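The values are calculated or read from the model by the stated rules, or taken from the named source; none is laboratory data. Because the structure is predicted, anything quoted here is derived from the model rather than measured. In this analysis, Cβ positions are derived from the backbone assuming ideal geometry, glycine residues included, and neighbour counts consider all displayed protein chains.
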Amino acid sequence: MRAAARSERGQAMVELALVLPVVLLLLLGIAQFGLIFSAQLTLQSAVREGARVGAVGADDIAINDAVTAAAATLDPAKLALTISPDAAGRVQGAKLKVAVTYQLPVIVPVIAEIVGPQLNLAATSTMRVE
């Protein structure tokens, strides 16, 4: 009876050693996906906010400030903002396009080997100038 219990404990230890890396990789992948999804939603919200500020007549600095404030959880040094047309071309009825790209670092080493050390995320919003 004791020998059977001892061998089953050894079997459970081997099963754990085989399954644990797969489970940890799956959990870390889910966490990384959550970070990517959160950053993309934040970017989309920030771009929409910047386009809304620009649509009511604000200048490029105010649009940049609105995008940066709405993306407060992201590193502002990694944000690249594009606004078109320039302030002179924004007349009533014209379309204002605000685009942002962001380089999100990949924190899970195994996933970083597959997709690279950074993911380039992008979001765009277009609104009619009022």
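Values for this structure:
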item: Test result for residue 41, surrounded by 11 or more Cβ atoms within 10 Å (Cβ to Cβ), at pLDDT 90 or above, within 14 Å of residue 107 (Cα to Cα) and not hydroxyl-bearing (Ser, Thr, Tyr); result: no
item: Test: residue in segment 105-125 that is more than 30 Å from residue 29 (Cβ to Cβ) and among the polar types (S, T, N, Q); result: no
item: Count of residues meeting criterion [assigned to a helix (DSSP H, G or I) and out of contact with any Ser or Thr (no Cβ under 8 Å at 6 or more places or on another chain)] in segment 53-76; result: 13
item: Inter-residue pairs, beta-carbon under 6 Å, first touching a residue at least 24 places away in the same chain (Cβ under 8 Å) and in segment 110-130, second of a type in the set (S, T, N, Q), 6+ apart; result: 111/32; 121/40; 122/101; 123/44; 129/92
